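To start, the structure under review is shown below, and the notes come after it.
The values are calculated or read from the model by the stated rules, or taken from the named source; none is laboratory data. What you see is a predicted model, and the numbers here were worked out from it, not measured in a lab. Positions of Cβ are generated from backbone atoms using ideal geometry, with glycine treated the same way; all protein chains shown enter the neighbour counts. The accessibility values were calculated without ligands, DNA or RNA, using every heavy atom of the protein model including side chains. Shrake-Rupley method; radii C 1.70, N 1.55, O 1.52, S 1.80 Å.
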Amino acid sequence: MRELLRALPSLAGPLPAFDPDTAPEDPLALFADWLEAAIEAGVREPHAMTLSTVDVSGRPSARVLILKDLTEKGFQFAFGSAGRKGKELAHTPWAALTFYWSPLGRQVRVRGRVELTDGSRDFLARSESARAVALAGKQSTPLADRAELAAAVESARERVRREPDLVAPDWVIGTVVPEEIEFWQGNDERRHTRVQYRRVAGAWTKEQLWP
């Protein structure tokens, strides 16, 4: 396996340039520019991100979610708060996000406090199947039989059709309010460019980091 992995190319390029001297003072503006560049480059699911949380013992968990919105406050995602990530965020309301756009050799790392708000609008905008699965509940709990899952989802789907305005009671929007954001531009000679933004006394500071 070691030889197989070492034979795989990484950061093969061509990769875009990133001049840190031209980076804006607002990291959210730079993130929007990079996201749009990923979309224009045809990156598959450019809005996918890894959300990392910790449990009561400080042990990390990570999963891939979809970025729902980027506001002046931060990065938004939607989820059922009764599941594992909801329980972890209830105990430790901090999280990290990682975006990776492989064809561009770019990643963005975000760390900040998570604030929860009502998710009704997002829930009602979801597909019928997505709403049915969320209403079926029991996320992250053991599943003994997939037939049980199918029956629960079908029952929830019928309920969605009867009650089109029904919202799962635990559905929320999480906003990661960033305190640190790092932009990483890969280089085929491993001379990567890293720019880190940190919020200090309500204002952003910016500095370059060694690769």
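Got a sec? Which of Ser127, Ser120 is farther than 30 Å from Tyr197 by Cα and without any contact (Cβ under 8 Å) to a residue 24 or more places away in the chain? It would help to see each step written out before you state the result.
Working: Ser120 fails: without any contact (Cβ under 8 Å) to a residue 24 or more places away in the chain.
Being farther than 30 Å from Tyr197 by Cα and without any contact (Cβ under 8 Å) to a residue 24 or more places away in the chain holds for just one of Ser127, Ser120, which is Ser127.
Regarding Lys68, is this residue more than 25 Å from Tyr197 (Cβ to Cβ) and either within 16 Å of the chain's Cα centre (by Cα) or surrounded by 14 or more Cβ atoms within 10 Å (Cβ to Cβ) (or both)?
In short, no.
Among the residues in the range 38-48, are any open to solvent by less than 30 Å² (accessible area, probe 1.4 Å), under 20 Å from Asp19 (Cα atoms) and not polar (S, T, N, Q)?
Yes: one or more hits.
For the range 148-185, how many residues are in contact (Cβ under 8 Å) with a residue 24 or more places away in the chain and of a type in the set (Ser, Thr, Tyr)?
So the count comes out to 1.
Condition check ((1) over 19 Å from Glu180 (Cα atoms); (2) free of Cβ contacts under 8 Å to residues at least 12 places away in the same chain) across all residues:
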| position | (1), (2) |
| --- | --- |
| Ala23 | no, no |
| Asp26 | no, no |
| Ala38 | yes, no |
| Ala41 | yes, no |
| Ser57 | yes, yes |
| Trp94 | no, no |
| Arg111 | no, no |
| Val114 | no, no |
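Considering each residue of the range 188-211, count those that are of a type in the set (A, V, I, L, M, F, W, C) and more than 24 Å from the chain's Cα centre (by Cα), and give that number.
Matching residues across the range 188-211 total 2.
Anything in the range 58-80 that is under 14 Å from Asp26 (Cβ atoms) and either of a type in the set (Asp, Glu) or out of contact with any Leu (no Cβ under 7 Å at 6 or more places or on another chain) (or both)? List them, or say none.
Thr71, Glu72, Lys73, Gly74
In this structure, does Phe123 turn out to be of a type outside the set (A, V, I, L, M), in contact with a Lys or Arg (Cβ under 6 Å, 6 or more places away or on another chain) and closer than 27 Å to Arg157 by Cα?
Taking the combined requirement at face value, the residue does not satisfy it.
When the range 195-211 is examined, which residues are found to be surrounded by 16 or more Cβ atoms within 10 Å (Cβ to Cβ), of a type in the set (D, E, K, R) and within 29 Å of Lys85 (Cα to Cα)?
Arg198
Within the range 27-35, does at least one residue satisfy the condition of being crowded, with 16+ Cβ neighbours inside 10 Å, at pLDDT 95 or above and farther than 30 Å from Ser120 by Cβ?
yes
I'd like to check something: does the range 133-144 contain any residue that is exposed (fewer than 14 other Cβ atoms within 10 Å of the Cβ) and at pLDDT 95 or above?
no
I'd like the full set of residues that are crowded, with 19+ Cβ neighbours inside 10 Å and over 17 Å from the mean Cα position of the chain (by Cα), limited to the range 105-132.
Across the range 105-132, the qualifying residues are Gly105, Phe123, Arg131, Ala132.
Of the residues that make up the range 159-178, is at least one open to solvent by less than 60 Å² (accessible area, probe 1.4 Å) and in a helix (DSSP H, G or I)?
For the range 159-178, residues open to solvent by less than 60 Å² (accessible area, probe 1.4 Å) and in a helix (DSSP H, G or I): present.
Give the number of residues within the range 145-157 that are surrounded by 11 or more Cβ atoms within 10 Å (Cβ to Cβ) and either among the acidic types (Asp, Glu) or in a strand (DSSP E or B) (or both).
2
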